[in-house]
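Report on the structure given below.
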Amino acid sequence: MTEQRNVVILGSGPAGYTAALYAARANLKPLVLKGLEAGGQLMLTTDVENYPGFPDGIMGPELMEAMEKQAGRFEAEIVAQSATRVDLSERPFRVWAGDQEWQAATVIVATGATAKWLNVPGEERLRGRGVSACATCDGFFFRDRDLVVVGGGDTAMEESNFLTKFANKVSIVHRRDEFRASKIMQDRALSNSKVDVIWDTEVDEVTGEDAVTGVKLRNVRSGDVTDFATDGVFMAIGHTPNTQLFEGQLELTKTGYIVIEEPTTRTSVPGVFAAGDVSDSIYRQAVTAAGQGCKSAMDAERFLEHEAHAGR
């Protein structure tokens, strides 16, 4: 038998759990398909020091566990499965996780985005121990250190500049002989005395036992491999929004992010809302995702309320 729900929330980072908390407190009894790898990108972050209310910082997984418990306290039903298929062509919407199907009056998409990684030896093993994909999250821990930033777009320029607030030196490693970043962002990075660039080069390996101590760099022209000492490696090669399920059903940007009708979280399909990194290619912070999660639940509640009044 297919179960019917007022709200089905897809995803379980700060956006998904905050949406669940607000929807549950509005007595909408939301269902959260939190996924098998629940908690979003904060599960990869050891210390979170920029989330309000935690003066001594908090571990990323600990913060996610607390958010899940808080949503559960107000009777959000949280299921450790990922949505495998959705049909947003008519209401009630249909959502599947494996063999199970739910019907939903509204859907909140909070499936997040995944940082792109190099997939080189040492990278995964040292993630959170010198390897990061978020300068804003982790830059503070690298005061007076030498760092490497990998990438050549606006994100790489922005992260490099940000890291110079803490680091002794930032070396941008780029596989081409020119950046694809906008002129203004390039100029800002290249005019910073703490930033230098290693052109025509790729990272072949991240080295270190318990923490990053260096990288192996390969010149793409000569093929020469050299050891380069560094205390941290920041990947700035972009993010991939987790929107494969929604292709052809929701309006997406060229880069795959869900288009929302700001300042709301409404998508191109009435009754479907999006929150967090799945629709935010700019800020990508836990606190902004949580804020959008709150908005999406309020948007869903108002949508259902308006519908109920209209039907009387």
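The values are calculated or read from the model by the stated rules, or taken from the named source; none is laboratory data. Remember, predicted model here, so these are calculated numbers, not experimental data. Positions of Cβ are generated from backbone atoms using ideal geometry, with glycine treated the same way; all protein chains shown enter the neighbour counts.
Just checking: which of the strands (runs of 3 or more DSSP E) contained wholly in segment 75-171 hold 2 or more residues that are under 26 Å from Asp231 (Cα atoms)? The strands (runs of 3 or more DSSP E) meeting that bar are 113-115, 146-150.
The rows are residues; the columns are (1) within 19 Å of Ile9 (Cβ to Cβ); (2) assigned to a strand (DSSP E or B).
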| residue | (1), (2) |
| --- | --- |
| Val212 | no, no |
| Ser222 | no, no |
| Thr226 | no, yes |
| Gly248 | no, no |
| Pro263 | no, no |
| Arg284 | no, no |
| Ala289 | yes, no |
| Arg302 | yes, no |
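For Gly271, the test of being at positive phi and within 13 Å of the chain's Cα centre (by Cα) is failed.
Any residue at all in segment 137-156 that is modelled with pLDDT under 95, of a type in the set (Ser, Thr, Tyr) and under 24 Å from the mean Cα position of the chain (by Cα)? Break it down into steps so the answer makes sense when it comes.
Residues of segment 137-156 modelled with pLDDT under 95: 137-141, 153-156.
Those left that are additionally of a type in the set (Ser, Thr, Tyr): 155.
Then keep just the ones that are under 24 Å from the mean Cα position of the chain (by Cα); that gives 155.
Within segment 137-156, one or more residues are modelled with pLDDT under 95, of a type in the set (Ser, Thr, Tyr) and under 24 Å from the mean Cα position of the chain (by Cα).
Filtering segment 46-74 to residues that are farther than 18 Å from Gly139 by Cα, outside any helix (DSSP H, G or I) and not hydrophobic (A, V, I, L, M, F, W, C) leaves only Gly53.
When residues of segment 45-69 are filtered for being among the basic types (Lys, Arg) and surrounded by 15 or more Cβ atoms within 10 Å (Cβ to Cβ), how many remain?
Within segment 45-69, the subset among the basic types (Lys, Arg) is 69.
From what's left, surrounded by 15 or more Cβ atoms within 10 Å (Cβ to Cβ): none.
Result for segment 45-69: 0.
Quick check on segment 187-210: of everything there that is of a type in the set (S, T, N, Q) and either assigned to a loop (DSSP other than H, G, I, E, B) or modelled with pLDDT under 95 (or both), which residue is nearest to the chain's Cα centre (by Cα)? Among those that are of a type in the set (S, T, N, Q) and either assigned to a loop (DSSP other than H, G, I, E, B) or modelled with pLDDT under 95 (or both), it is Asn192. Total residues in segment 281-312 satisfying the condition of being surrounded by 20 or more Cβ atoms within 10 Å (Cβ to Cβ), at pLDDT 95 or above and within 25 Å of Gly153 (Cα to Cα): the figure is 1. Within segment 195-244, being surrounded by 16 or more Cβ atoms within 10 Å (Cβ to Cβ) and among the basic types (Lys, Arg) holds for Lys216, Arg218.
Of all the numbered requirements in (1) under 17 Å from Gly112 (Cβ atoms); (2) at pLDDT below 95; (3) surrounded by 12 or more Cβ atoms within 10 Å (Cβ to Cβ), Ala274 misses one, and that requirement is (2).
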